[in-house]
1. Which fully enclosed helices (runs of 4 or more DSSP H) of segment B:1-102 have 3 or more residues being over 30 Å from residue A:236 (Cα atoms) and modelled with pLDDT of 95 or more?
2. Condition first: in contact with a helix residue (DSSP H, G or I) (Cβ under 9 Å, 6 or more places away or on another chain) and surrounded by fewer than 18 Cβ atoms within 10 Å (Cβ to Cβ). Now tell me which residues in segment B:31-42 satisfy that.
3. Residues that are within 10 Å of another protein chain (Cβ to nearest Cβ) and buried (at least 20 other Cβ atoms within 10 Å of the Cβ): does segment A:200-208 have at least one?
4. Inside segment A:204-287, counting only helices (runs of 4 or more DSSP H) that do not spill past its ends, which hold 1 or more residues that are over 23 Å from residue A:60 (Cα atoms)?
5. Looking at segment A:185-197 only, could you name the residues that are within 11 Å of another protein chain (Cβ to nearest Cβ) and surrounded by fewer than 23 Cβ atoms within 10 Å (Cβ to Cβ)?
6. For residue B:58, are the conditions met, namely being more than 9 Å from every other protein chain (Cβ to nearest Cβ) and without any contact (Cβ under 8 Å) to a residue 40 or more places away in the chain?
7. Only one of (1) in contact with a helix residue (DSSP H, G or I) (Cβ under 8 Å, 6 or more places away or on another chain); (2) under 23 Å from residue A:212 (Cβ atoms) fails for residue A:277. Which number is that?
8. Go through (1) in contact (Cβ under 8 Å) with a residue 40 or more places away in the chain; (2) more than 16 Å from the chain's Cα centre (by Cα); (3) part of a loop (DSSP other than H, G, I, E, B) one by one and return the number of the condition residue A:56 breaks.
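The values are calculated or read from the model by the stated rules, or taken from the named source; none is laboratory data. The model shown is predicted, which means the values in this text are computed figures rather than measured ones. In this analysis, Cβ positions are derived from the backbone assuming ideal geometry, glycine residues included, and neighbour counts consider all displayed protein chains.
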């Protein structure tokens with residue numbers, strides 16, 4: 001293989017986030033409409049490598065991916081050693097708005113997966129005017145706890161091993177091995193207690209069931225894409241959101257909970273018509 | 001359903017390596033039929049069918065035959081592709097001392113996956 005660089009730029013952004021100085025790792029590629037991407041709980045922006053490297057996307061979109069504080073190459077704020085990390089709906093919404101403002105993005109498209117797919121519903125509810133369009137991957141109004149998350153953060157259980165073990169079945173059984181294990185590797189590298197802290201939002205604080213009916217996809221176009229093998233954010237949950245909001249929903253065959261990293265090529269086939277529709281304002285022919 | 005499980009697991013060098021520090025006995029219940037599975041250094045050394053009077057094991061997986069059939073279906077069925085999918089639907093109960101399971105979760109999922117291959 002001849003050596004080559006990817007057309008992706010990674011930089012550290014210094015700014016005040018949630019009232020504290022932060023050093024946030026941000027990657028981007030492409031030009032055009034800003035597409036701000038949100039990773040899943042306990043993982044990081046590497047999940048969007050497929051998009052960042054796809055010229056079909058980057059010729060019209062400036063794809064921007066940031067690692068949330070505590071995740072990936074974004075460190076926790078100073079003093080982290082004396083607190084338990086716990087993501088709340090309020091902080092998550094503020095984080096996205098503050099990152100968008102710090103990057104001076106003009107009405108970006110925001111796209112998030114899992115916890116990101118949930119928080120974009122909060123954005124659609126509270127701040128639809130700030131976004132050109134909203135894309136929820138693996139979105140559902142709520143997920144009740146179905147295992148004891150304390151197993152994810154205790155010194156006598158390896159956090160990386162157990163986090164990957166918990167989520168392994170959320171990857172579609174049909175996913176290629178490389179995408180499956182790349183996705184799990186990100187989970188294996190998560191910091192202690194970070195996945196558990198994100199799940200506080202996912203399973204407790206981020207429940208938006210009682211506000212779904214107040215979301216109006218006419219105020220900001222809302223697209224939902226969910227893998228058929230996702231048993232956490234179920235296809236039923238996604239279709240319920242679509243029915244109650246007027247969002248456009250697609251169930252993706254042969255994909256699971258991590259479509260952008262478990263099988264990027266297949267996922268991008270579903271995403272391209274959505275991005276084309278957002279860009280042109282006209283429905284694209286199926287990919 | 002578990003006839004060829006030991007041979008399948010023990011023939012999978014990658015799975016045995018993943019479980020090289022696993023030494024425990026766990027229980028698989030299919031309907032009311034209990035099976036004690038003894039693991040030593042990642043290899044299955046004994047599968048003992050019940051009934052038992054005082055079974056001694058660290059943790060148990062209990063589900064109906066229908067649920068196991070769905071988990072082990074050669075054609076993956078959405079909503080039935082993982083033990084936690086079944087737990088979420090309240091079709092599988094995981095009980096006992098979960099520490100050995102949680103410390104080696106990918107290994108035990110691999111073992112149950114091999115049971116699916118054995119069943120097909």
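1. On the way: elements: B:5-10, B:13-18, B:65-71, B:83-88.
Fully inside segment B:1-102 and qualifying: B:5-10, B:13-18.
2. Result: B:31, B:33, B:41.
3. Filtering segment A:200-208 for residues within 10 Å of another protein chain (Cβ to nearest Cβ) gives none.
No, segment A:200-208 contains no residue that is within 10 Å of another protein chain (Cβ to nearest Cβ) and buried (at least 20 other Cβ atoms within 10 Å of the Cβ).
4. Values: elements: A:235-245, A:259-262, A:264-280.
Qualifying helices (runs of 4 or more DSSP H): A:235-245, A:259-262.
5. Selection gives A:188 alone.
6. no
7. (1)
8. It fails just one condition, (3).
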